[in-house]
Amino acid sequence: MANVLDDSEIRRVLVVMAHPDDVDFGSAGTVATWTDGGLEVVYLMVTDGDAGGFDDGVTRARMAALRRAEQEAAAAVVGVRDVRYLGYPDGRVEATLDLRRDIARVIRQVRPDRVLAPSPDRDYARISPSHPDHRAVGSAALDAVYPDARNPYAFPELLADEGLEAWTVREVWLTGGPNADHHVDVTDVFDRKIEALRAHASQTAHLGDGLPEMISGWLGANAGLAGFPPGRLAEAFQVVPTA
């Protein structure tokens, strides 16, 4: 079992994801429990998801605009109003110094106690969460948390030019990786998770009525691994203490 900060010790959470819909597939239920409990949650999407979707007639520029709108609608379902984008090209994300600086900038702006990001580790048992963009964003986000955002000498231009003081994130939650050690019961907010996923119509409409069954299968398996009672649903994370 992970050593996890109690939500009463948390005021603000920054969610850093590669694409619109990543947070909703992996963590929308957990986000709903956070906002219901009074935590402020901010989303940062590294790309606009312009390489996603199933309609060949939609241009990449149009897809980017569509997916931004879908993410904002999905965020509202789970109580998130602040959604930000970095505009990196979908499918070509690398854990560069530029990306680390851009994430560190937002950490210093938002000043979160907790950061939620994709795992940088490949899951060989279930490959779909291990998209290269996910792993690159997870790696860059962890580096932005430690050491970049907390070190006043890292990216000094953030302080000198933008007035952004160093900030220490207290813990990171990783989603989609092979080493989950913490589970959140999302049974009571499952309908909102599905509503958030349906807001990503360009990505989920083709699943039709099968979407809830697919998601509940994943979450039921998580709950079983966590030892929750039969019929419960859970999202899975690896928690990394960073303070």
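The values are calculated or read from the model by the stated rules, or taken from the named source; none is laboratory data. Note that the structure is predicted; figures quoted are calculated from it, not measured. Quick reminder, even Gly has a Cβ in these numbers, built from the backbone with ideal geometry, and neighbours come from all protein chains shown.
No other residue among Thr30, Thr35 is more than 22 Å from Ala136 (Cα to Cα), in contact with an Asp or Glu (Cβ under 8 Å, 6 or more places away or on another chain) and among the polar types (S, T, N, Q) apart from Thr30.
Listed here are the residues, each with its yes/no results for (1) part of a helix (DSSP H, G or I); (2) at pLDDT 95 or above; (3) more than 18 Å from the chain's Cα centre (by Cα); (4) closer than 20 Å to Gly49 by Cα.
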position	(1), (2), (3), (4)
Arg192	yes, yes, no, no
Glu195	yes, yes, no, yes
Arg198	yes, yes, no, yes
Trp218	yes, yes, no, no
Pro229	no, yes, yes, no
Arg232	no, yes, yes, no
Gln238	no, yes, no, no
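Just checking, which of Ala51, Ala117, Ala95, Ala75 is modelled with pLDDT under 95 and not polar (S, T, N, Q)?
Exactly one of Ala51, Ala117, Ala95, Ala75 is modelled with pLDDT under 95 and not polar (S, T, N, Q), namely Ala51.
The set of residues in segment 173-201 being polar (S, T, N, Q) and surrounded by 21 or more Cβ atoms within 10 Å (Cβ to Cβ) consists of Thr175 alone. Among the residues of segment 186-216, the ones that are closer than 26 Å to Pro120 by Cβ and not β-branched (Val, Ile, Thr) come to 6 in all. Which one of these does Glu94 not meet: (1) under 25 Å from Phe155 (Cα atoms); (2) crowded, with 23+ Cβ neighbours inside 10 Å? The number of the failed condition is (2). Applying the condition of being out of contact with any helix residue (DSSP H, G or I) (no Cβ under 6 Å at 6 or more places or on another chain) and charged (D, E, K, R) to segment 7-31 and asking which residue is surrounded by the fewest Cβ atoms within 10 Å (Cβ to Cβ) yields Glu9.
Residues that are among the aliphatic types (A, V, I, L, M) and without any contact (Cβ under 8 Å) to a residue 40 or more places away in the chain within segment 112-145 comprise just one, Ile127.
The rows are residues; the columns are (1) surrounded by fewer than 23 Cβ atoms within 10 Å (Cβ to Cβ); (2) among the polar types (S, T, N, Q); (3) more than 22 Å from Val31 (Cβ to Cβ).
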| site | (1), (2), (3) |
| --- | --- |
| Tyr85 | yes, no, no |
| Gln109 | yes, yes, no |
| Pro112 | no, no, no |
| Ala117 | no, no, no |
| Pro120 | yes, no, no |
| His134 | no, no, no |
| Ala140 | no, no, no |
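Restricting to segment 97-140, count the residues that are in a strand (DSSP E or B) and of a type outside the set (D, E, K, R).
Looking only at that region, the number is 4.
Summed over segment 168-223, residues that are over 23 Å from Arg67 (Cα atoms), without any contact (Cβ under 8 Å) to a residue 12 or more places away in the chain and of a type in the set (A, V, I, L, M) total 1.
Screening segment 1-96 for strands (runs of 3 or more DSSP E) wholly inside it with 1 or more residues that are touching a residue at least 40 places away in the same chain (Cβ under 8 Å) and either closer than 30 Å to Phe228 by Cβ or in contact with a Cys (Cβ under 7 Å, 6 or more places away or on another chain) (or both) returns the ranges 12-17, 40-47.
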